[in-house]
Amino acid sequence: MKSPCGTAVLLGLMLVFEPKAPNLMQRPPRDPAKPLLTRTLIVRTVIVSIFMTIGAFALFLGELQAEGETLAGAGAMIVAQLLFT
């Protein structure tokens, strides 16, 4: 079985280069009574998910129409697209 270390490193690598928010340590803590997922965050997540799904289907269909491309190859392209976005 292959180790998921490569994927974990790539996902964690983005956090290393994330710029720090100004005055991060001077801000008060978040109110524990407020939800983590606000309505705005949920709406943004749904919109981005819809766009990513449309893009994945378009890429999948485009790969299937390419000459000599197999179903497995088109599926692999979608997995690669999801990993890199």
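The values are calculated or read from the model by the stated rules, or taken from the named source; none is laboratory data. In this text the structure is predicted, and so the values were computed from the model without any measurement. Cβ coordinates were reconstructed from backbone atoms using ideal geometry, including for glycine residues, and neighbour counts include every protein chain displayed. For accessibility, only protein heavy atoms count, side chains too; no ligands or nucleic acids. Shrake-Rupley method; radii C 1.70, N 1.55, O 1.52, S 1.80 Å.
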Query raised in the report: Quick one: putting +1 on the C-beta of Lys and Arg, -1 on the C-beta of Asp and Glu, what dipole do you get for the chain around its Cα centre, in Debye to the nearest 20?
Result: 660 debye
Report task. Keeping all protein chains in place, calculate the accessible area per residue for the chain (probe 1.4 angstrom), answer in Å². Result -> 92 Å²
**Report entry** Spherically averaged projected area in nm², based on the convex hull that wraps the Cα atoms of the chain
**Finding:** 9.2 nm²
Query - Mean residue ellipticity (222 nm) of the chain, computed from DSSP H runs ≥ 4 via -39,500 (n - 2.57), nearest 500 - result: -21000 deg cm²/dmol
Query raised in the report: Between ILE78 and LEU13, 0.36 nm times their residue separation minus their Cα-Cα distance comes to what?
Result: 21.2 nm
Query raised in the report: Can you tell which of ILE54, PRO29, THR70 lies farthest toward the positive end of the dipole of the chain, using +1 and -1 charges on the Cβ of basic and acidic side chains (Lys, Arg; Asp, Glu)?
Result: PRO29
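Among 27-38, 65-76, what's the highest-first ranking by average C-beta atoms within 10 angstrom per residue? Intermediate results must be reported in sequence, preceding the final value.
On the way: 27-38: 7.0, 65-76: 10.5.
So the peptides 27-38, 65-76, ranked by packing, come out 65-76, 27-38.
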